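*Asks:* I'd like to ask you about the structure that follows.
The values are calculated or read from the model by the stated rules, or taken from the named source; none is laboratory data. Values in this document were obtained by computation on a predicted structure and should not be read as measured data. For neighbour counting, all protein chains shown are included, and Cβ atoms are generated from backbone atoms with ideal geometry for every residue, glycine included.
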Amino acid sequence: MAFRVEVATRPALRDARGEGAARELREFLHAGVTAVRTVDVYTVDLAVDPPERTGIAREVLSDPVTQVAAVDAPVAGAVGAAFDWAVEVGYLPGVTDNVGRTAKEAVEMFLGRSFPHDQRVYTAVQYLLEAPGLDRDGVEALVAGLLANGLIQRWRVLDRDGFDRAGGFGLEVPRVRGDAGGRVAPVSLELPDDGLAALSRDRLLALSLDEMRAIRDHYRDAAVRDRRAGLGLPADPTDVELECLAQTWSEHCKHKIFNATIHYDDGAGRVRTIRSLFQTYIVEATERVRRGLGDRDYCLSVFKDNAGVISFNDDWSLCFKVETHNSPSALDPYGGALTGIVGVNRDPMGTGLGARLIFNVDTFCFADPFYDGDLPPRLLHPRRIYEGVVRGVEHGGNKSGIPTVNGTVVFDERFLGKPLVYCGTAGLIPREVTGRPGHDKAARPGDRIVMVGGRIGKDGIHGATFSSEELHEGSPVTAVQLGDPITQKRVYDFLQVARDRGLYSSITDNGAGGLSSSVGEMAEQSGGAELDLGRAPLKYPGLDPWEILVSESQERMTVAVPPEDLGAFLSLAAELRVEATDLGRFTDSGAFHVRYGERTVGYLPLAFLHDGLPVMELHARWERPVHPEPAFPCPDDLTGDLTGLLGRLDICSKESIVRRYDHEVQGGSVIKPFVGVLDDGPSDAAVVRPVLDSHEGVVTANGICPRYSDIDTYWMAAAVVDEAVRNALCVGATLEHLAGLDNFCWCDPVAGERNPDGEYKLAQLVRANEALFDLCVAYGVPLISGKDSMKNDYMVGDVRISIPPTVLFSVIGRIDDVRRCVTMDVKRPGDRVFVLGTTRPELGGSEYWAAKGFVGNRVPEVRVEENLPLYRALERAIRDGLVASCHDCSDGGLAVALAEAAFSGGLGIEADLSLAPADGVERDDELLFSESAGRFVVTVSPDNADRFGAAMAGTAAAEVGRVTAEPVLVLKGPGGRTVVRAAVDELKRAWQAPLAGI
Amino acid sequence: MSAVRALVLTGNGTNCEREMAHGCRVAGAEADVVHTADVFAGRVRLADYHILNLPGGFLDGDDLGAAKAGAVRFRYGTVRAPEEHRFIEDLERFVADGRLVFGVCNGFQLLVKLGLLPRLDPDRLEPAASLTHNDSGRFEDRWVHLAVDPDSPCVFTRGLTRLYCPVRHGEGKFVTASAGVGAAITAGRLVPVRYADPDGRPTQAYPWNPNGSQDAVAGLCDPTGRVFGLMPHPEAFLHRTNHPRWTREDLPDEGQGVALFRNAVAFVRENLL
């Protein structure tokens, strides 16, 4: 019944995808490929009559103006493609095939009839390679190296003769051939310790020995045994229960390290015991800030929901969440990042009664994309990771209709072991939904458990436990998933309507741990749940109940629907083509009761499920590292050093990435990622106006600086909070209404045989938390949400690569009137240039020293008592309209900030930096390139200069020069000596060059 | 004065409906944002509106090519009540009745793939042109200058000479099925907006022409001038602070994109009320 349709671009038109593949094959793999043409292949496994096939090929699957289609025949000949090899890459059975799903729907619309779920359309892409010098092994290497990912795809290769003889590729339907599924097995835990450890490892449970013992002891309890016997359950846990516990107790879900008891040796002989970093530093910081705010407190819901919520205006609240999706992105960069962005979209969707999504942010940490060293096994080249991740976010964000407004990219060789992919989403929640506060929710006993969205397959099984481990040989391939932005968009559109009609009482997303987490968590609201896995819609047969329970198949939300609203809820879903299934009910039984049809397959008391986890006890020992002090004379002329710094990967322009993101959909864009006279200067922060008939705005900014972790994570974390806050202030934010999110990505801080410096890494984590607490309390910025990812290591054979400890600090805030916002580009010749904040000889961990091959020791320290009055004064000056431009001064120091401000405005700056506030600075390069915190470069029109000076009185602010019509940057050091003189165009070229071509 | 009524049709992947409706309202129309499912169910009728807005987005993910699956839905989908009939009949009648259709980005791609633009032969609904992958091979978000053809019959661009707003697409390169189609479009002045350099001269040079469109075509109208679509997003520039350089230039509060909506509303007031 199945047939093939091949579709190719008409020969007169460019095949952009083929050209792109040819370019990447040549650039990434240095392959001898002259040209590539691509063909879309549809394997249509639908019961249609043969006469309908041509219509489907011409009317549905191809564009008659630009494409040629062929049914059950190769199209290559029809478009005159010259090629030596043909490769066809399709998905492995069971992998999400978004295009195939759309193709089936379009055929249904065309024919006006529906097909059953097991009849599908499968897609593949054919690459016709003009590569006369390549043999079969060479072609296979290209496919494995770039065109396909063996974790999710399969391929066939034909040489030209074989292709011609066989008449192209034959019909092959990648249907999932599973058995019936539905098996449940007891798993005995009556094992010696090494047996328990082996069981945890072999089943990918990622549970420690203590945790395995705690589970075993629970099942030994006589009362538990009695109750189980009454329910017809075996004395041993079922695989359903064990997997559910492993997901719920995973590091990913329970943050065991952040909640551990830690004995911290500060390296000076003092040992302190910290009971939960999370409670001690993060929750406590927020509570202190909120107490200080009193009746001005703008926090509405912190730490308890999928995203943190603060107030916005009388009609709306504002919520924000940032997640990481590192491990999947290491294995499949495109799918990992795509799933990362659509996954974090579901957090605000599932916060309170559900948010409208207003922007995305993305920050990545990669190894050098131009890396040319050896690659350890299983690692992908950083260039491929870079391209895949960027494309994944491009598709995920753009297709969801959410502007991607802010982010950055940071490079370090150690991110070869695991890239970091941070994705965040903000949303607006109505202050009230049908009379209830929009940021609150509660499933009630009797409410139906309704799963909304995609179907369940084997994809994403063990995602939560997998990300709680290092990347190793046995990392499961099923942990990779592919998101589907359009299915999710439909779910989202549907839920917005259902919310406003008051059709549900609680909602959460299905992320890590799938139904086991979403239903398990919502069961806490009502006091229990009874879930029937036998009703869950499956992508294909053959799943066992435990797999249905923990699968992380995407695009799913779990909703608590009162029984009286169920009919309305389900019929609205059907009309909007969203699958919604009643899977049981919330109860107040005190247990998570799991059935498969009539049979009970799991029964977990909520108290044990959520609180039975033993607290980890860990040791941390801090020892200050000592790096060689750089010893080189200060160059007389620093122009070359400045030009070099502008071209360093961490500093250079990321415009080639950002242009690929829709950053202004929804119509409220105010401060874009790129600003200035030619729209190519780097913004410090983003501002959007989410309510189009209002001038109220939302600001977001970030700080990230893993380089400083090599010296002291306390100052690393302090620097990123300070930088995020300053970035926001630069565009016109106020400290009066700003909230923070912390995202920790660490290398494994649990010491062990294979992780000998675990205690040091844990001490680094303690210190970062101390700084986070100190800074947030001092600046009055409450933490409202966050996340940690603790196992960012690669371990295969003897090779261990650990990432540098990294904190991404993101801020979100309210701006009363966006018309007061400011950008970083200098505006007019004659404007006065001010430097705010004191420069000190703090080059430790700086870009300047890194460029010279040093780390050093004197890392920038954040002096909150100096900074706070300055920040408040600057905030007022911006609000009073006194500031023409404002740019934060961080990576690369004053010289880089001045250069960026100048070239973004297309004008010059002449400045005498010896006038800048400084303390202990002796060398010109210290003055220009030190990365001391708390500084800004500001320009002010001559008319406002006096008022600005008065506004900043009492702070470390000094006028240092002017904006010039001549587009040249001239910087003078002490004694009036010129140390930098360069045309701004040349500086800009150096800054734009590194990533422009990729 | 009775109201000018604008319909913004959403669902299945559209994402610019909010700002599209806002543009209509700023221009003085009443705007309803309606899911396609409501129209197909017969609860909302096209005939009750004067202006049909097809907003940007990714209909069905653009999975079969931009707006391709969406075009199949519009062409073959049925309105179930009060009597079952094809949706396309309502749409054709809407145009024949002298009303206005405005497609932006994905909405424009939809109109072209349906054959409603350029509609050289009023008796045949068949695509004569298409929008394909940008020459860069990438989605791009950047602001573009548009030169307006003052002699185009287009209702929406009346009185305008220039327009500045962003493109945000991966498949915006305009191509025609034949040279004859290109010539007919030019002769009929059916290209109201062309990509231009900063001095307003139509150009093939990247990035001013962001996708390599033939004849710098950024948008098309039908010979009546009442059906209009374009790749760039005028609804992304309704307010001064949308402009990428608003912090350094003196600009009026109202963004340039509003003018298109005002023209549409004025046309309705003069001709349909």
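*Asks:* Check off (1) over 25 Å from A:G667 (Cα atoms); (2) more than 8 Å from chain A (Cβ to nearest Cβ); (3) modelled with pLDDT of 95 or more for B:R73 and give me the number that stays unchecked.
*Replies:* (2)
*Asks:* Moving to a separate point now. Please verify whether B:A41 is in contact (Cβ under 8 Å) with a residue 24 or more places away in the chain and within 9 Å of chain A (Cβ to nearest Cβ), treating the condition exactly as stated.
*Replies:* yes
*Asks:* Given (1) of a type in the set (D, E); (2) within 9 Å of chain A (Cβ to nearest Cβ); (3) surrounded by fewer than 24 Cβ atoms within 10 Å (Cβ to Cβ), identify the lone condition not met by B:E19.
*Replies:* Of (1) of a type in the set (D, E); (2) within 9 Å of chain A (Cβ to nearest Cβ); (3) surrounded by fewer than 24 Cβ atoms within 10 Å (Cβ to Cβ), only one is false for B:E19: (3).
Residue-by-condition table, conditions (1) surrounded by fewer than 20 Cβ atoms within 10 Å (Cβ to Cβ); (2) within 30 Å of the chain's Cα centre (by Cα); (3) farther than 15 Å from A:P706 by Cα:
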site	(1), (2), (3)
A:G797	yes, yes, yes
A:S802	no, yes, no
A:T823	no, yes, yes
A:T838	no, no, yes
A:E847	no, yes, no
A:A850	yes, yes, no
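*Asks:* So which residues in the stretch B:170-187 are among the hydrophobic types (A, V, I, L, M, F, W, C), part of a helix (DSSP H, G or I) and closer than 26 Å to A:R17 by Cβ, if there are any at all? Steps first, please.
*Replies:* We begin by selecting, within the stretch B:170-187, every residue among the hydrophobic types (A, V, I, L, M, F, W, C); these are B:174-175, B:177, B:179, B:181, B:183-185, B:187.
From what is left, the residues that are part of a helix (DSSP H, G or I) are B:179, B:181, B:183-185, B:187.
Once the filter is applied, which keeps residues that are among the hydrophobic types (A, V, I, L, M, F, W, C), part of a helix (DSSP H, G or I) and closer than 26 Å to A:R17 by Cβ, the stretch B:170-187 yields B:A179, B:V181.
*Asks:* Let me ask another. Going residue by residue through the stretch A:368-382, is there one that turns out to be crowded, with 24+ Cβ neighbours inside 10 Å and touching a residue at least 60 places away in the same chain (Cβ under 8 Å)? Explain how you work it out, then say what you get.
*Replies:* Initial filter on the stretch A:368-382 (crowded, with 24+ Cβ neighbours inside 10 Å): none.
The answer is no; no qualifying residue exists.
*Asks:* Got a number for residues in the stretch A:1-60 being assigned to a loop (DSSP other than H, G, I, E, B), aliphatic (A, V, I, L, M) and more than 9 Å from every other protein chain (Cβ to nearest Cβ)? Break it down into steps so the answer makes sense when it comes.
*Replies:* Looking only at the stretch A:1-60, we keep the residues that are assigned to a loop (DSSP other than H, G, I, E, B), and these are A:1-2, A:10-15, A:30-34, A:46-49.
Right, trim to aliphatic (A, V, I, L, M) and you get A:1-2, A:12-13, A:31, A:33, A:46-48.
Add one more test, that the residue is more than 9 Å from every other protein chain (Cβ to nearest Cβ), and what stays is A:1-2, A:31, A:33, A:46-48.
Residues in the stretch A:1-60 being assigned to a loop (DSSP other than H, G, I, E, B), aliphatic (A, V, I, L, M) and more than 9 Å from every other protein chain (Cβ to nearest Cβ): 7 in total.
Residue-wise test of (1) in contact with a strand residue (DSSP E or B) (Cβ under 9 Å, 6 or more places away or on another chain); (2) of a type in the set (A, V, I, L, M, F, W, C); (3) surrounded by 20 or more Cβ atoms within 10 Å (Cβ to Cβ).
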residue	(1), (2), (3)
B:F228	yes, yes, yes
B:H233	yes, no, yes
B:A236	yes, yes, yes
B:P244	yes, no, yes
B:T247	yes, no, yes
B:P252	no, no, no
B:G255	yes, no, yes
B:A264	yes, yes, yes
B:R269	no, no, no
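Residue by residue, here is whether (1) under 20 Å from the mean Cα position of the chain (by Cα); (2) among the aliphatic types (A, V, I, L, M); (3) in a loop (DSSP other than H, G, I, E, B); (4) under 30 Å from A:L678 (Cβ atoms) holds:
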position: A:E759; (1), (2), (3), (4): no, no, no, no
position: A:L765; (1), (2), (3), (4): no, yes, no, no
position: A:N769; (1), (2), (3), (4): no, no, no, no
position: A:R814; (1), (2), (3), (4): no, no, no, no
position: A:P829; (1), (2), (3), (4): no, no, yes, yes
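*Asks:* Go through the stretch B:212-256 and count every residue that is within 14 Å of chain A (Cβ to nearest Cβ) and aliphatic (A, V, I, L, M). Spell out how you get there, then give the answer.
*Replies:* Within the stretch B:212-256, the subset within 14 Å of chain A (Cβ to nearest Cβ) is B:212-214, B:217, B:220, B:231-256.
Of the ones still in play, those that are also aliphatic (A, V, I, L, M) are B:217, B:220, B:231, B:236, B:238, B:251.
Within the stretch B:212-256, residues that are within 14 Å of chain A (Cβ to nearest Cβ) and aliphatic (A, V, I, L, M) number 6.
*Asks:* Can you confirm whether B:A81 is part of a loop (DSSP other than H, G, I, E, B), surrounded by fewer than 24 Cβ atoms within 10 Å (Cβ to Cβ) and among the small types (G, A, S)? Before the answer, list the steps.
*Replies:* Numbers: part of a loop (DSSP other than H, G, I, E, B): yes; surrounded by fewer than 24 Cβ atoms within 10 Å (Cβ to Cβ): yes; among the small types (G, A, S): yes.
Against the criterion (part of a loop (DSSP other than H, G, I, E, B), surrounded by fewer than 24 Cβ atoms within 10 Å (Cβ to Cβ) and among the small types (G, A, S)), B:A81 qualifies.
*Asks:* When the stretch B:156-169 is examined, which residues are found to be within 16 Å of the chain's Cα centre (by Cα), under 26 Å from A:V665 (Cβ atoms) and either assigned to a loop (DSSP other than H, G, I, E, B) or more than 14 Å from chain A (Cβ to nearest Cβ) (or both)? Even if it seems obvious, please write down each step before you answer.
*Replies:* From the stretch B:156-169, those within 16 Å of the chain's Cα centre (by Cα) are B:156-158, B:163-169; that's our starting set.
Next, from what is left, pick out any that are under 26 Å from A:V665 (Cβ atoms): B:156-157, B:163-169.
Of everything in the stretch B:156-169, those that are within 16 Å of the chain's Cα centre (by Cα), under 26 Å from A:V665 (Cβ atoms) and either assigned to a loop (DSSP other than H, G, I, E, B) or more than 14 Å from chain A (Cβ to nearest Cβ) (or both) turn out to be B:F156, B:T157, B:L163.
*Asks:* Given (1) closer than 28 Å to A:G267 by Cα; (2) touching a Gly at 6+ places or on another chain (Cβ under 8 Å), where does A:E753 come up short, assuming only one miss?
*Replies:* Here A:E753 clears every test but (2).
*Asks:* In this structure, is A:G676 within 21 Å of B:F237 (Cα to Cα), in contact (Cβ under 8 Å) with a residue 60 or more places away in the chain and facing chain B (nearest Cβ under 10 Å)?
*Replies:* Details: within 21 Å of B:F237 (Cα to Cα): yes; in contact (Cβ under 8 Å) with a residue 60 or more places away in the chain: yes; facing chain B (nearest Cβ under 10 Å): yes.
It is true that A:G676 is within 21 Å of B:F237 (Cα to Cα), in contact (Cβ under 8 Å) with a residue 60 or more places away in the chain and facing chain B (nearest Cβ under 10 Å).
*Asks:* Still on this structure, please answer the following. So how many residues does the stretch A:670-701 have that are assigned to a strand (DSSP E or B) and closer than 21 Å to B:P207 by Cα?
*Replies:* Within the stretch A:670-701, the first condition is being assigned to a strand (DSSP E or B), and the residues that meet it are A:670-671, A:674-675, A:681-682, A:686-688, A:697-701.
Narrowing the set further to residues that are closer than 21 Å to B:P207 by Cα leaves A:674-675, A:681-682.
Summing the residues that are assigned to a strand (DSSP E or B) and closer than 21 Å to B:P207 by Cα in the stretch A:670-701 gives 4.
*Asks:* Let me ask something else. Within the stretch A:215-230, does at least one residue satisfy the condition of being modelled with pLDDT of 95 or more, of a type in the set (A, V, I, L, M, F, W, C), under 27 Å from A:S517 (Cα atoms) and within 35 Å of the chain's Cα centre (by Cα)?
*Replies:* Scanning the stretch A:215-230, I find at least one residue that is modelled with pLDDT of 95 or more, of a type in the set (A, V, I, L, M, F, W, C), under 27 Å from A:S517 (Cα atoms) and within 35 Å of the chain's Cα centre (by Cα), so the answer is yes.
*Asks:* If you scan the stretch B:107-142, which residues turn out to be over 17 Å from the mean Cα position of the chain (by Cα), more than 7 Å from chain A (Cβ to nearest Cβ) and not in a loop (DSSP other than H, G, I, E, B)?
*Replies:* Hits for the stretch B:107-142: nothing passes.
*Asks:* Separate question: Would you tally the residues in the stretch A:632-669 being within 7 Å of chain B (Cβ to nearest Cβ), in contact (Cβ under 8 Å) with a residue 40 or more places away in the chain and either surrounded by fewer than 24 Cβ atoms within 10 Å (Cβ to Cβ) or assigned to a loop (DSSP other than H, G, I, E, B) (or both)? Let's see the steps before the verdict.
*Replies:* Initial filter on the stretch A:632-669 (within 7 Å of chain B (Cβ to nearest Cβ)): A:659-667, A:669.
Filter once more, keeping what is in contact (Cβ under 8 Å) with a residue 40 or more places away in the chain: A:660-666, A:669.
Subset that is either surrounded by fewer than 24 Cβ atoms within 10 Å (Cβ to Cβ) or assigned to a loop (DSSP other than H, G, I, E, B) (or both): A:660-666.
Of the residues in the stretch A:632-669, 7 are within 7 Å of chain B (Cβ to nearest Cβ), in contact (Cβ under 8 Å) with a residue 40 or more places away in the chain and either surrounded by fewer than 24 Cβ atoms within 10 Å (Cβ to Cβ) or assigned to a loop (DSSP other than H, G, I, E, B) (or both).
*Asks:* So, in the stretch A:814-837, how many residues would count as being more than 8 Å from chain B (Cβ to nearest Cβ) and either hydroxyl-bearing (S, T, Y) or in contact with a strand residue (DSSP E or B) (Cβ under 7 Å, 6 or more places away or on another chain) (or both)?
*Replies:* As a first pass, look at the stretch A:814-837 and keep what is more than 8 Å from chain B (Cβ to nearest Cβ): A:814-817, A:820, A:824, A:826, A:828-837.
Filter once more, so that each one left must be either hydroxyl-bearing (S, T, Y) or in contact with a strand residue (DSSP E or B) (Cβ under 7 Å, 6 or more places away or on another chain) (or both): A:814-815, A:824, A:826, A:828-837.
Counting residues in the stretch A:814-837 that are more than 8 Å from chain B (Cβ to nearest Cβ) and either hydroxyl-bearing (S, T, Y) or in contact with a strand residue (DSSP E or B) (Cβ under 7 Å, 6 or more places away or on another chain) (or both) gives 14.
*Asks:* How many residues does the stretch A:375-417 hold that are under 18 Å from A:L808 (Cβ atoms) and of a type in the set (S, T, N, Q)?
*Replies:* Residues that pass the stated criteria total 3.
*Asks:* In the stretch A:332-339, is there at least one residue being in contact with a strand residue (DSSP E or B) (Cβ under 7 Å, 6 or more places away or on another chain) and part of a helix (DSSP H, G or I)?
*Replies:* Step one: filter the stretch A:332-339 for residues in contact with a strand residue (DSSP E or B) (Cβ under 7 Å, 6 or more places away or on another chain), giving A:336-337.
Remaining after also requiring part of a helix (DSSP H, G or I): A:336-337.
Looking through the stretch A:332-339, at least one residue is in contact with a strand residue (DSSP E or B) (Cβ under 7 Å, 6 or more places away or on another chain) and part of a helix (DSSP H, G or I).
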